[in-house]
Amino acid sequence: NRFPVVHAMKLFEPTMIGDYRVTALPSNHSESSETVLYIIEHNGKSVFWIHDSGLLLEETVDYLRTLDICFDAVSMDCTLKRGSFFTPLHMDILQCKETKDLLSQMGRINDKTVCILSHIGHLIETTHDELSAEAEEFGFIVAYDTMETEI
């Protein structure tokens, strides 16, 4: 099949897409349209995809508290320069650390979870190497084009 297949999903309801179990959760990105985060599970592994979002919404946190899962990887939006909070719809490294701490406190991540900063653009005003050095301090790795990670 050469064309994408669209799958209608309801928030908080896991949907099977092939042999992947995908759950859409509301993100903190837009008041005018529905935007989502994803939990993706496959072959006993799980990823929490937190892109195009500010800090997690209360309803998303409440749902995460009900789960019995420890994510193998978490990829977080790190669009903003450290300390630049001109929009609540994206995160900086400090908010990513806050999100990581929250997930840890809930037991959704542990010291084996691969924590990745991604969705990085020109607003961050730093080089990859500079951000990587800063990210290492908080236990993150910084994504780059063509990056692959085995979990």
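The values are calculated or read from the model by the stated rules, or taken from the named source; none is laboratory data. Nothing here was measured: the structure is a model prediction, and the numbers come from that model. Glycine gets a Cβ as well: all are built from the backbone with ideal geometry, and neighbour counts include every protein chain shown. Only protein heavy atoms, including side chains, enter the accessible area calculation; ligands, DNA and RNA are left aside. Shrake-Rupley method; radii C 1.70, N 1.55, O 1.52, S 1.80 Å.
Just for the stretch 92-109: of the residues that are out of contact with any Phe, Trp or Tyr (no Cβ under 9 Å at 6 or more places or on another chain) and touching a residue at least 40 places away in the same chain (Cβ under 8 Å), which one is least open to solvent (accessible area, probe 1.4 Å)?
T99
Given the criteria in contact with a strand residue (DSSP E or B) (Cβ under 8 Å, 6 or more places away or on another chain), part of a helix (DSSP H, G or I) and at pLDDT below 95, does L131 qualify?
So L131 passes the test.
Go through the stretch 85-111 and report how many residues are hydroxyl-bearing (S, T, Y) and not in a helix (DSSP H, G or I).
Looking only at that region, the number is 1.
Return a yes/no flag: does the stretch 5-16 have any residue that is hydroxyl-bearing (S, T, Y) and in contact with a Leu (Cβ under 9 Å, 6 or more places away or on another chain).
There is no residue in the stretch 5-16 that is hydroxyl-bearing (S, T, Y) and in contact with a Leu (Cβ under 9 Å, 6 or more places away or on another chain).
Within the stretch 107-151, which residues are of a type in the set (A, V, I, L, M) and under 22 Å from H42 (Cβ atoms)?
I109, V114, I116, I141, A143, M147, I151
So which residues in the stretch 63-84 are assigned to a helix (DSSP H, G or I) and either of a type in the set (D, E, K, R) or crowded, with 17+ Cβ neighbours inside 10 Å (or both)?
Y63, L64, R65 - these are the residues of the stretch 63-84 that are assigned to a helix (DSSP H, G or I) and either of a type in the set (D, E, K, R) or crowded, with 17+ Cβ neighbours inside 10 Å (or both).
Scan the stretch 1-20 residue by residue and report those that are more than 17 Å from the chain's Cα centre (by Cα), among the aromatic types (F, W, Y) and surrounded by 10 or more Cβ atoms within 10 Å (Cβ to Cβ).
Y20
Pick out the one residue from T23, T60 that is of a type outside the set (G, A, S), within 25 Å of D92 (Cβ to Cβ) and surrounded by 12 or more Cβ atoms within 10 Å (Cβ to Cβ).
T60
Can you tell me which residues in the stretch 34-57 are under 24 Å from S84 (Cβ atoms) and open to solvent by 40 Å² or more (accessible area, probe 1.4 Å)?
W49, D52, L55, L57
So T149 ticks every box in (1) closer than 23 Å to L56 by Cβ; (2) touching a strand residue (DSSP E or B) at 6+ places or on another chain (Cβ under 8 Å); (3) surrounded by 14 or more Cβ atoms within 10 Å (Cβ to Cβ) but one. Which box is left unticked?
Evaluating T149 over (1) closer than 23 Å to L56 by Cβ; (2) touching a strand residue (DSSP E or B) at 6+ places or on another chain (Cβ under 8 Å); (3) surrounded by 14 or more Cβ atoms within 10 Å (Cβ to Cβ) leaves (3) as the failure.
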